[in-house]
Amino acid sequence: MKHNLMLYCKGLAMGAVDVVPGFSGGTVALITGIYHRLLAAFSAIPNALLLFFRGRIVESWQRCDATFLLVLVLGILTSIFTLAKVISHLMVAHPVLLWSFFFGLVVVSVYLVGREVAVWSADRLVAAVLGLVLALFITLAAPLQLAADPLILFIAGAIAISAMLLPGISGSFILVLLGLYPVVLGAVKNFDLPVLAVFSAGCLLGLLAFSRLLTWLLARLRDLTMAFLAGLMLGSLVKVWPWKQTLTWQTNRHGESYPLLQENLLPHRFFEITGEAHQLGLAIFLAVSAIGLALLLEWMARRRATLVEQPVS
């Protein structure tokens, strides 16, 4: 029961950050020590379904670690449908402080992932640079303005969920680049079932396909994959920089506005241009607190795993 409660809380954290453009639920999964188990569970779903249709229900449930997935996904969905408005409010009311906390989380995540690489050889460094370049390209790309028709929403769901599985690449930010973030977040906040159904179907397809690819890569090319992920997260720091000036906005059909194109500023320039306090001291405190929290959670996850692996005397 205690284990499931902790898992549910991890799902809450993943869901809360998944609505933020620039921060990935995959990063939270990595920090809290469930990333590899999550990928393995998702990638096992097709085989589990085959077992289910053959009447081997118990084996099917165990094959895809269904209890783990059920509790985690319940936490994610609870968070998305209850905390989406809170996170959206914080992004508008206290953007510098919110992004400072996320900035600290991404910084420590780069360290945690980089530590997983056994040997930093030349090919690992190349993989990290490729990840860095990809993240910068995605982060600095000009947003598109795609029509929110069913096919586009389906494809966007598949792409966004694939990005969410990658630490450092935000599924929400992919939606921003596609010009669909206000559409999807508005559908979540207003429970627009037609939009949610099509988008969720795309998410399911992307989840099943991309999780299998990532699982394969981690099993056969672990160091290269982890180096690439470290580069991705390093590049994503550009997006989670706390001090921004919003250049253009996008409005959904419910009349809600969201930042579309933003420019990063140094703290003193932020004050000069916006007239708002840069809150540098509090921002640094929150970033450092995020680093400390992530290290604590990672230590607890490792300690729990060690205790589980110890033989009973």
Quiz prompt | Residue ranges of helices (runs of 4 or more DSSP H) in the range 1-79 with at least 1 members of a type in the set (S, T, N, Q) and closer than 30 Å to Q262 by Cα | solution = 25-31
Practice problem: Pairs only if they're at least six apart or on different chains, beta carbon under 9 angstrom, first in the range 238-251 and farther than 22 Å from L105 by Cβ and of a type in the set (S, T, N, Q), second at pLDDT 90 or above and not in a loop (DSSP other than H, G, I, E, B); list them, first residue then second. | Solution: Q245/N264; Q245/R269; Q245/F270; Q245/I273
Exercise. Inspect all residues belonging to the range 80-88 and state whether any of them is over 18 Å from the mean Cα position of the chain (by Cα), surrounded by 13 or more Cβ atoms within 10 Å (Cβ to Cβ) and either polar (S, T, N, Q) or not in a loop (DSSP other than H, G, I, E, B) (or both).
Key: no
Quiz item: Is one or more of the residues making up the range 115-138 among the polar types (S, T, N, Q) and assigned to a helix (DSSP H, G or I)?
Solution: no
Quiz item: Which residue out of I161, I174 is under 14 Å from the mean Cα position of the chain (by Cα), buried (at least 18 other Cβ atoms within 10 Å of the Cβ) and farther than 22 Å from V107 by Cα?
Solution: I161
Exercise. From G202, G179, grab the single residue that is crowded, with 20+ Cβ neighbours inside 10 Å, within 25 Å of I87 (Cα to Cα) and among the small types (G, A, S).
Key: G202
Practice problem: Output the residue which, of all residues in the range 182-224 that are among the small types (G, A, S) and within 20 Å of the chain's Cα centre (by Cα), is farthest from N47 (Cα to Cα). | Solution: G186
Quiz item: Are any residues in the range 60-77 more than 16 Å from the chain's Cα centre (by Cα) and of a type outside the set (A, V, I, L, M), and if so, which ones?
Solution: S60, W61, Q62, R63, C64, D65, T67, F68
Quiz item: Which pairs do you get when a residue that is more than 12 Å from P242 (Cα to Cα), found in the range 266-281, comes within reach of a residue that is of a type outside the set (S, T, Y), reach meaning Cβ atoms under 6 angstrom, with the pair 6+ apart or on two chains?
Solution: F271/H278; I273/Q245
Quiz item: How many of the residues making up the range 98-120 are surrounded by 13 or more Cβ atoms within 10 Å (Cβ to Cβ) and over 21 Å from I174 (Cβ atoms)?
Solution: 11
Quiz item: Among the residues of the range 254-271, which ones are out of contact with any helix residue (DSSP H, G or I) (no Cβ under 6 Å at 6 or more places or on another chain) and either modelled with pLDDT of 90 or more or aromatic (F, W, Y) (or both)?
Solution: N264, L265, L266, H268, R269, F270, F271
Practice problem: Could you list, in sequence order, all residues of the range 68-96 that are closer than 24 Å to H278 by Cα and β-branched (V, I, T)? | Solution: V86, I87, V92, V96
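The values are calculated or read from the model by the stated rules, or taken from the named source; none is laboratory data. Since we're looking at a predicted model, the values are computed, not measured. Glycine also receives a Cβ, built like all others from the backbone with ideal geometry; neighbour counts cover every protein chain displayed.
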